[in-house]
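S.K.: Handing you this structure, nothing more for now.
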Amino acid sequence: MQDTVSARPAASAADGPFITPMPILEALEALAAARGLAHDPAALSAALPMAQEALAAKLAPLALARVGIEAHWRPLGQRAPEVADLPLLVPMTGGGAVLILAAARAGEVTVADAGGRKVLPYAALRPHLTGEALHSGSVDPVNGASDLHERDLIRRNPRAWLLGAYLAERGPLGQMLLASALLNLCALTIPLYMRAIYDRVVPNLAIESLWALSIGVAIVLVFELLLKKIKARFVDAVATRVGQAVQHRAVVSVLRARAPAPGLGLGAMLTALRDLEALSLLVPQAIATVCVDLPFVVLLFGLIAAIGGFTVLGPVLGALGLILVGAVCNHALKLASNRTSKLIQARSDLTAELTGGWTTIKANHAEGLFEGRWDLISDHLAMAGKQVRHWSELPGTAAGLLVQLVTVMVVVIGVLQIKAGLMTTGALIAVVLLTGRAMVPVAATVSMFARAYQSLAQFQALAGLLQSEPERDISDPAVGLAPVRGAVRVAGLSHTFAGSGAPSLSGLTFSVAEGERVALIGKSGSGKSTLLQLLAGLIPAQDGLITLDGHALERFAIPHLRRKVIYSAQDAAIFEGTVWHNILLGMPEPAAEVAERAIRCSGLDSFVARTAEGYMRQVGARGSALSGGQRQSLLLARALVRDPAVLLLDEPTASLDVASEQAVIAGLAEATRGKTLIVATHRLALLEIVDRVIWLEAGRIVADRPKAEVLAQLAAQSAQASTPASTQPASGKQGPREAA
């Protein structure tokens, strides 16, 4: 299956002269139409990763699930597909895909490609296909699980979803369980072989029987080795597929969360995703142990009792002892693992602070503070790790001791039974070997529970990611089909951050007309940045209502909203890569005039013109190779190149010098002509391009006036401030200049 396909694959000799493949997204749209569920590409691809406007083929089932179609990739046969399986989406070897709509008895198929429908011999088409086909059908309206239902299940019970993901791999799991059962049967070979040798071959010196039995055992041992490899292969296959699905879901949950999860940081994410492959391997191994190995232990105990009578008391008591030791150790291990997990999170967060704040630490001579914090966490982590290792190793050590004691007990009971004429020497040897074999799954189960307890903290962090409330993927039809004009209205808006004693915003009510330009002024902490983030839909409103063009903001799909409402933060991230990469950040190449205007109006062109690399210049980690002004110009270019209907800017000129600021202000006036602009600023020069000013104080609006009135008041206050203090009238009222 092709991972990605080009936006419009061209017909080539490899595809045959008769085929013009469609892009995957276009093929999915055609498949939905063939199923009677026509949808536009935006509904299929909303919030899915796109590379140069192309959708990865592995995401096709997820895209179809959004429009009520259940789909799965399956191998494609050499013969023409059955009529019941049609229509089929089949990827081409050269990129793109086609639909097989109908099949005739003569071996011909009706194919839909970019050029229309045509009838072709399947034998001529098959060499140009990748070998996989997307089988689809409408979701069961009663029992089916749509993408929305699946996400709801993940949020409500991530453990059940994870178990379901494993059970969905029924084929590999069934083969793994069959291999486990055959392996356990192979384990009986050596004990029964030894019993036959001691009881039949040695007393009678039957050399021919010796050779026959030995050759048979050798064949079984080779077969056992092959079965171990086969079982390991199936375990890896299940773990890899489920592990990839879980990682994808976890990252998607973080990136599409409606609001940042409380306590979500670098340490929490690293804990959740750390050694996920080991966790993925643990589940299929546990399934094999519980479903096959442990039931086989009961069979072994029965066989031991049949051969050795009361010798079965030894392995039964040993198994009970192992379970008791394991229960005590695993409880202690759970407590130690939780403590270690929190310390690892703290160390990861501290590492992020060290790397991100290295310059600040050096400039403030704070090395000693962070060295002390690092040493303190490292010391506690070392002690916690020692406890984890102790309780992890104790079951294995106890298992070795108990197995030896059980062997001694079996030998003692066996000898007494031989003396009483109830057993033979060969039976004793067989019972000893069977006892050792029976104790292995019990010890493995105890060890597996220990690993499960260690992974519990990791899974809890992973469940926290999976349970994040998702953003909306598809817009309400009433707003999805209409163009965004940019009229914004806020009514009774309030917001309080978790853990904060006072609200950041309280009872805000105002409106911004389409194409109007508004400035937000106020002291630091007055709520300007919070208001911009609420208007952008980055954080959900707790109280009150925000509307865009008369529609509540919650009715817009987030991908739809992000294309039309752009928020540029003062401290927005710059990622390692080129200047051009940081401007686009994965968006399709813009029109030339849009890109040229964005770069010119942001002032970035003057910086780029002085470098030999141009837009291919590397910006360094977190933009470390750029100055403050260059960073700000890049961030502004990133916002303008998206050509939004509503532009929300937070201190867009704070790091610019006076000359650069004037150039950027003139550029903003040009770039935002006819667009809605809301800009938070402390720089009075920016007020030149706005129509009105909203003044915030302690999260409340204390003034909402036309720009001319505010500028006149600021000029009067400036003149008043230039007179001696003794001549100024006393006033307890704070002016806009102080807020700005």
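The values are calculated or read from the model by the stated rules, or taken from the named source; none is laboratory data. Keep in mind the model is a prediction, meaning the values are calculated, not measured. Here Cβ is always computed from backbone atoms with ideal geometry, including for glycine, and neighbour counts include all displayed protein chains.
S.K.: Residues that are assigned by TED's automatic domain parsing to the domain that holds Leu299, without any contact (Cβ under 8 Å) to a residue 60 or more places away in the chain, buried (at least 16 other Cβ atoms within 10 Å of the Cβ) and not aliphatic (A, V, I, L, M): does the range 187-194 have at least one?
M.R.: yes
S.K.: Continuing with this model, one more query. Residues being aliphatic (A, V, I, L, M) and loosely packed, with under 15 Cβ neighbours inside 10 Å: count how many of those fall in the range 195-219. If you could, list the steps in order and put the result at the bottom.
M.R.: To start, the set of residues in the range 195-219 that are aliphatic (A, V, I, L, M) comprises 196-197, 201-202, 205-207, 210, 212-213, 215, 217-219.
Filter again for loosely packed, with under 15 Cβ neighbours inside 10 Å, leaving 202, 205, 207, 212, 215, 218-219.
Final tally of qualifying residues: 7.
S.K.: Moving on. Of all residues in the range 113-125, how many are crowded, with 17+ Cβ neighbours inside 10 Å and closer than 20 Å to Pro75 by Cα? Show your work before the answer.
M.R.: Step one: filter the range 113-125 for residues crowded, with 17+ Cβ neighbours inside 10 Å, giving 113-114, 120, 122, 125.
Narrowing further to those that are closer than 20 Å to Pro75 by Cα: 122, 125.
The qualifying residues number 2.
S.K.: Arg622: in contact (Cβ under 8 Å) with a residue 12 or more places away in the chain, basic (Lys, Arg) and surrounded by 16 or more Cβ atoms within 10 Å (Cβ to Cβ), yes or no? Steps first, answer last, please.
M.R.: On the way: in contact (Cβ under 8 Å) with a residue 12 or more places away in the chain: yes; basic (Lys, Arg): yes; surrounded by 16 or more Cβ atoms within 10 Å (Cβ to Cβ): no.
Here the answer is no, as Arg622 does not meet what is asked.
S.K.: Can you go through Asp650, Asp605 and tell me which one is out of contact with any Pro (no Cβ under 7 Å at 6 or more places or on another chain), under 30 Å from Val484 (Cβ atoms) and without any contact (Cβ under 8 Å) to a residue 12 or more places away in the chain?
M.R.: On the way: Asp650 fails: without any contact (Cβ under 8 Å) to a residue 12 or more places away in the chain.
The match here is Asp605.
S.K.: On the given criteria, is Leu335 more than 23 Å from Ala621 (Cβ to Cβ) and either of a type in the set (S, T, N, Q) or within 30 Å of the chain's Cα centre (by Cα) (or both)? Show your work before the answer.
M.R.: Working: more than 23 Å from Ala621 (Cβ to Cβ): yes; either of a type in the set (S, T, N, Q) or within 30 Å of the chain's Cα centre (by Cα) (or both): yes.
So Leu335 passes the test.
S.K.: Further question: Please specify each residue of the range 341-386 satisfying the condition of being basic (Lys, Arg) and under 21 Å from Ser455 (Cα atoms).
M.R.: Of all residues in the range 341-386, those basic (Lys, Arg) come to 342, 347, 362, 373, 386.
Residues satisfying the conditions are Lys342, Arg347, Lys386.
S.K.: List the number of the failed condition for Thr530; all other conditions in (1) farther than 28 Å from Glu670 by Cα; (2) surrounded by 15 or more Cβ atoms within 10 Å (Cβ to Cβ); (3) among the hydroxyl-bearing types (Ser, Thr, Tyr) hold.
M.R.: (1)
S.K.: Report, by residue number, each residue of the range 96-132 that is more than 40 Å from the chain's Cα centre (by Cα) and at positive phi.
M.R.: Gly107 - this is the single residue of the range 96-132 that is more than 40 Å from the chain's Cα centre (by Cα) and at positive phi.
S.K.: Going by the structure shown, is Thr360 out of contact with any helix residue (DSSP H, G or I) (no Cβ under 9 Å at 6 or more places or on another chain), in a helix (DSSP H, G or I) and exposed (fewer than 15 other Cβ atoms within 10 Å of the Cβ)?
M.R.: Details: out of contact with any helix residue (DSSP H, G or I) (no Cβ under 9 Å at 6 or more places or on another chain): yes; in a helix (DSSP H, G or I): yes; exposed (fewer than 15 other Cβ atoms within 10 Å of the Cβ): yes.
The answer is yes for Thr360.
S.K.: Among the residues that make up the range 566-579, is at least one of them at pLDDT 85 or above, in a strand (DSSP E or B) and not polar (S, T, N, Q)?
M.R.: Yes, that holds for at least one residue.
S.K.: Additional query: If the requirement is being under 30 Å from Val710 (Cα atoms), touching a residue at least 60 places away in the same chain (Cβ under 8 Å) and in the same structural domain as Ala671 (by TED's automatic domain parsing), which of these qualifies: Gly527, Gly544?
M.R.: Details: Gly544 fails: touching a residue at least 60 places away in the same chain (Cβ under 8 Å).
Result: Gly527 is the single residue among Gly527, Gly544 that is under 30 Å from Val710 (Cα atoms), touching a residue at least 60 places away in the same chain (Cβ under 8 Å) and in the same structural domain as Ala671 (by TED's automatic domain parsing).
S.K.: Can you tell me which residues in the range 410-434 are over 13 Å from Arg195 (Cβ atoms) and crowded, with 18+ Cβ neighbours inside 10 Å?
M.R.: Within the range 410-434, Val410, Ile413, Gln417 meet the criteria.
S.K.: Given the range 250-315, what helices (runs of 4 or more DSSP H) lie entirely inside it while holding 3 or more residues that are modelled with pLDDT under 70 and not assigned by TED's automatic domain parsing to the domain that holds Phe497?
M.R.: Details: elements: 266-273, 276-288, 294-308.
Filter on the range 250-315 gives 266-273, 276-288.
S.K.: Please verify whether the range 617-633 includes one or more residues that are in a strand (DSSP E or B) and under 21 Å from Ala519 (Cβ atoms). Working first, answer last.
M.R.: Taking the range 617-633 first, the residues in a strand (DSSP E or B) are 618.
From the residues that got through so far, the ones that are under 21 Å from Ala519 (Cβ atoms) too are none.
Checked the range 617-633: no residue is in a strand (DSSP E or B) and under 21 Å from Ala519 (Cβ atoms).
Per-residue answers, yes or no, for (1) crowded, with 17+ Cβ neighbours inside 10 Å; (2) among the charged types (D, E, K, R):
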site	(1), (2)
Cys329	yes, no
Ser337	yes, no
Ser348	yes, no
Glu353	no, yes
Ala382	no, no
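One line per residue, one yes/no per condition, for (1) modelled with pLDDT under 85; (2) outside the structural domain of Ala114 (by TED's automatic domain parsing); (3) in a loop (DSSP other than H, G, I, E, B):
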| site | (1), (2), (3) |
| --- | --- |
| Leu28 | no, no, no |
| Ala47 | yes, no, yes |
| Ala60 | yes, no, no |
| Ala63 | yes, no, no |
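S.K.: Taking the condition of being buried (at least 16 other Cβ atoms within 10 Å of the Cβ) and of a type in the set (Gly, Ala, Ser), how many residues in the range 535-555 meet it?
M.R.: 4
S.K.: Kindly check whether there is at least one residue in the range 401-424 that is at positive phi, in the same structural domain as Pro203 (by TED's automatic domain parsing) and either more than 50 Å from the chain's Cα centre (by Cα) or assigned to a helix (DSSP H, G or I) (or both). Explain how you work it out, then say what you get.
M.R.: Just the residues of the range 401-424 that are at positive phi, to begin with: 421.
Retained after the next criterion (residues that are in the same structural domain as Pro203 (by TED's automatic domain parsing)): 421.
Next, only the ones that are either more than 50 Å from the chain's Cα centre (by Cα) or assigned to a helix (DSSP H, G or I) (or both) stay: 421.
Within the range 401-424 (the criterion being at positive phi, in the same structural domain as Pro203 (by TED's automatic domain parsing) and either more than 50 Å from the chain's Cα centre (by Cα) or assigned to a helix (DSSP H, G or I) (or both)), the answer is yes, since at least one residue qualifies.
S.K.: Let me ask you something else. Which pairs turn up if I take residues in the range 698-716 that are touching a residue at least 24 places away in the same chain (Cβ under 8 Å) and look for partners that are assigned to a helix (DSSP H, G or I) and of a type in the set (Asp, Glu) with beta carbon separation below 6 Å, at least 6 apart in sequence or on another chain?
M.R.: Within 6 Å, no pair qualifies.
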